[in-house]
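Encoded as structure tokens, the structure appears first; notes follow it.
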Amino acid sequence: MTVMSKIEPPVLAVRDLSISYGPLQAVRGVSFSIAPGEAMGLIGESGSGKSSVAYAVMRYIKGQASGEVHVAGQDVMALSEQALGKLRGRTAAMVYQDPMSALNPAIKVGEQIAEAIRLHGRIGKALAWKRGVALLERVHLPRPAEIAHRYPHQLSGGQQQRVVIAMALACDPQLLIMDEPTTGLDVTTEAVILDLVNELRRETGVAVLFISHNMGVVAQVCDRVGVLYAGQLIEEGTTEQVLRQPRHPYTVALMRAMPAIDGPRRRLAAIPGRLPDLRSPPPGCIFTPRCAMATAECESRMPDLANSSGGGHRSRCHYRDEVALRLPPEPLVAEVQLVEARQERPRLQIIAVSKQFRARPALPFMRGPAPVRAVDDVTLDIPPGRTLAVVGESGSGKSTLARCVAGLIVPEDGAIRLENEVLDPLVQKRGRAAQQAVQFVFQNPDAALNPHWTVAEIVGRPMRLYGGQGEGKALRHRIIEQLEAVKLGERYLDLYPREMSGGEKQRVSIARAFAGRPRLVICDEPTSALDISVQAAILNELLALQRENGTSYLFISHDLGVVRHVAHEVAIMRHGRIVESGPPAAVFGDPREEYTRNLIAAIPTLERREAAPALLTA
Amino acid sequence: MSGVALPAHRRIVLPRLGVADLAGAAIVLGMVMLILAGASLSPYSATAFNPMHSLEAPSLAFPFGTDEFGRDVFSRVLAGARPTLLLAVGAAALGVALGTVTGLTAGYRQGPVDETIMRFMDALMSFPGLILAMLVVVMLGPAPINVVAAIALVFWPRSARLVRSIVVDLAHREFIEAARSRGERASFILFRELLPNVLPIIVVDFSLRVTSGVLLAASLAYLGIGVTPPTPAWGLMVRDGQQFIEIAPWLVVFPCLAIALASIGTVLLGERLRHRLALPGGGRAQ
């Protein structure tokens, strides 16, 4: 230990932490520490072990853990259950990804906070309630006294997450562990929560361990960043160092896979291959099979997590100082000009479509609540072979619009026109040709595939249904061909959905959509449930399929970075209306509307933002 | 967070059979044999009187003893399997089949269709099971087919409600939306998309229904409704034997044991089947 650390002992010190679940080595030899008041980010994709590390700090772990974890000087691994109970909540508190499941739906939020306060200090109920209200005010909830009396479902997602943060703050912890605290939230809400975290750090001096898959989010909050891959810490340094001059090829690859909202448009680079089998990790560098600059040495010898030439910047790569030189440069994409496409007859026209949702009254014959205008007089069109992206936050009506086009929801007003034909509002009443022409790719690959069907059945079904693609051997051949088009092969034919990763499932979903040779594919947030590197691959696949088949896309998304990457035309949707539309360069480069500007400003980029945009309604 | 399994790597998992699974399978196998060949396995006739041996205690010659007419109880239990079990299995199959179709339809269509169907089911369910079955048999007459129909009518709304509760959740999944947007017919969505997902539950439900079918059939026979003497149904044997319960308890004990054994066997096997039918790819049931 150095002299410095003796004066100011770290709030969290993790040394050589390893966690295994049976034969699976989820975390291997992870070491890092967090000084008082410091915020450290852990970045990683699914399977990296980032959540296991977070849970190990609180000793909420089911597998076998070895190594040392010290929280405020206490050895967490050696604590008695009783002492552990005191540590949890009082010294270190946790904020989870999904606030809805962290709060008890049947208890008022004020009571839940009071409960957390009383758990660790002997104070009366009334006083605890008062302090709870003060905490709600602390996290900037409007009218805290009133909100304390509400139940979780009566609050928005952003408000719920603020209640969870208030609960975590109940006993003035020295360490906050935040596990993807903004992942389920809209960007504008996310920006507000991130600001809150920064403010709390400034004012209370709480240290933060911030787990995320999103580098932009981490850049907004953290002083230092660690990158986890396959259970190992592969790079660590200040946020500036890691995200600006990454010294590990995996970090570089992650940055290149991330669709950015600013800078020149690049071709997204997917990371080839997949996570190694953690039951028998390779002896050499764990990233070797997917690394663009791997050598024979990488395969045989595992590199140490050692300092590179820039002070305090550690990387687990043999060539840590030459990463920038050795990796091939990034390819750029030329901006596509849309002028010529404008002349063509649009493939799809959405003409003045409106849809209201009416809630049922509490009792029959009573007047129900006012109907919600989910889609309000929307008119859009999509040229052949082009992508129209509809962007909006949750509740903006973008998914309802997509379902109106697909004929799953019947709009009250307006028409959907596919080339020369006005489509029936209900898909079952459309002709076979119209059904075949419009296909859907869903957001959640887990729910979009029937768990009891094999891949061959799933992809083969549209071919059988619409016919004309042969039978028996010929059909099987077509299915394989279709799978190969999405970079899956024959060996997937007999797999069931649960035997595949999220990215593979989404590829099957795309293969199914293209199996009927559609003219329009509706993509409803097709990558929002996927890891960044997988997202890049799926987006590239969609772009390639569009080029080959001349398919038009109606692309629904909340992610402006993704949209900028795939869309020829963008429409911003809010409260059921289109507030602004045009080519992405114009909409993102020079937005006309206040709302669009706020939306763009809220996106967490690698640049630290000073204050949240003025959209504090979250 | 778990590691990523290789997709092409398929393991052939041999089912690990416990004592309970083997016992269940053995009992059900035994029951099937009894249904097929019960009477011919009996050492004595199940109906012929033999006054010389009336009310004898279990012995080597008569392992379950004899009744007041000197009939061998062991032979009667063996022969009684068919009338009791066939009724139970038939009624369970009919009831669960009706319940499945109704539950699938109500859960998938929702709205007014759902309301209409389910309120009708509620009406049926508001009758206590045994009373409803009695009413139906009394109205239709005591033929075995009527007993099957009566018990199935008791099972129908209960199965329908169970299946509907699962389908209501499944119907909002994206794979159902995908099928609809493809233009699939409703019957395809019900039987090809939804049915495999509720099948594990249906199988368990069926095994439980067979169990309560055995009990209901026995109860009806016990009340003297449906099966008529001298058919050696288990319920009937309990009824006839209970007047001698103090001097010849074997008249009641052995048919009761048979009822209990049949019930336990179907439940054990049903539980096993549920695990086998759960998600393909080595998954467990939800």
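The values are calculated or read from the model by the stated rules, or taken from the named source; none is laboratory data. No experiment lies behind these values; they were computed from the predicted model shown. Backbone-built Cβ (ideal geometry, glycine too); neighbour counts: all protein chains shown.
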Exercise. Go through region A:429-504 and tell me which helices (runs of 4 or more DSSP H), entirely inside it, have 2 or more residues that are touching a residue at least 40 places away in the same chain (Cβ under 8 Å), in contact with a Leu (Cβ under 7 Å, 6 or more places away or on another chain) and within 12 Å of chain B (Cβ to nearest Cβ).
Key: A:455-466
Practice problem: Answer yes or no as to whether A:I556 is part of a strand (DSSP E or B) and under 20 Å from the mean Cα position of the chain (by Cα). | Solution: yes
Quiz item: When B:F69 is evaluated against the numbered criteria (1) at pLDDT below 75; (2) part of a loop (DSSP other than H, G, I, E, B), which criterion, by number, is the only one it fails?
Solution: (1)
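Inspect all residues belonging to region A:155-170 and state whether any of them is farther than 16 Å from A:I193 by Cβ and touching a residue at least 24 places away in the same chain (Cβ under 8 Å).
Filtering region A:155-170 down to residues farther than 16 Å from A:I193 by Cβ leaves A:170.
If we keep only those that are touching a residue at least 24 places away in the same chain (Cβ under 8 Å) as well, we get A:170.
Yes, some residue in region A:155-170 is farther than 16 Å from A:I193 by Cβ and touching a residue at least 24 places away in the same chain (Cβ under 8 Å).
For region A:411-428, name all the residues that are in a helix (DSSP H, G or I) and either closer than 25 Å to A:T387 by Cα or more than 7 Å from chain B (Cβ to nearest Cβ) (or both).
From region A:411-428, those in a helix (DSSP H, G or I) are A:427-428; that's our starting set.
If the condition is that a residue be in a helix (DSSP H, G or I) and either closer than 25 Å to A:T387 by Cα or more than 7 Å from chain B (Cβ to nearest Cβ) (or both), then A:V427 is the only one that fits.
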Quiz item: Which condition number in (1) in contact with a helix residue (DSSP H, G or I) (Cβ under 8 Å, 6 or more places away or on another chain); (2) assigned to a helix (DSSP H, G or I) is the one that A:M94 fails?
Solution: (2)
Self-check item: Count of residues meeting criterion [of a type in the set (S, T, N, Q), surrounded by 13 or more Cβ atoms within 10 Å (Cβ to Cβ) and either modelled with pLDDT under 75 or part of a loop (DSSP other than H, G, I, E, B) (or both)] in region B:8-66
Solution: 5
Quiz item: Of all the helices (runs of 4 or more DSSP H) wholly in region B:80-178, which have at least 2 residues that are buried (at least 19 other Cβ atoms within 10 Å of the Cβ) and either in contact (Cβ under 8 Å) with a residue 60 or more places away in the chain or in contact with a Phe, Trp or Tyr (Cβ under 8 Å, 6 or more places away or on another chain) (or both)?
Solution: B:129-140, B:144-170
Self-check item: Some residue of region A:397-407 being part of a loop (DSSP other than H, G, I, E, B) and more than 8 Å from chain B (Cβ to nearest Cβ)
Solution: yes
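Pick out the one residue from B:G141, B:G129, B:G99 that is of a type in the set (G, A, S) and modelled with pLDDT of 95 or more. Steps first, please.
Details: B:G141 fails: modelled with pLDDT of 95 or more; B:G129 fails: modelled with pLDDT of 95 or more.
Only one candidate qualifies: B:G99.
Given the condition within 25 Å of the chain's Cα centre (by Cα) and of a type in the set (K, R), answer yes or no: does some residue in region A:152-167 qualify? I'd like the intermediate steps shown before the answer.
Taking region A:152-167 and keeping what is within 25 Å of the chain's Cα centre (by Cα), we get A:152-167.
From the residues that got through so far, the ones that are of a type in the set (K, R) too are A:162.
Within region A:152-167, one or more residues are within 25 Å of the chain's Cα centre (by Cα) and of a type in the set (K, R).
Taking A:S394 as the residue in question, decide whether it is among the hydroxyl-bearing types (S, T, Y), within 13 Å of chain B (Cβ to nearest Cβ) and outside any strand (DSSP E or B).
Working: among the hydroxyl-bearing types (S, T, Y): yes; within 13 Å of chain B (Cβ to nearest Cβ): no; outside any strand (DSSP E or B): yes.
Judged against the criteria, A:S394 is not a match.
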Quiz item: Based on what the data block shows, is A:R143 touching a Gly at 6+ places or on another chain (Cβ under 9 Å) and over 30 Å from A:A35 (Cα atoms)?
Solution: no
Quiz prompt | From A:D304, A:D277, A:D262, residue being within 14 Å of another protein chain (Cβ to nearest Cβ), surrounded by fewer than 19 Cβ atoms within 10 Å (Cβ to Cβ) and of a type in the set (D, E) | solution = A:D277
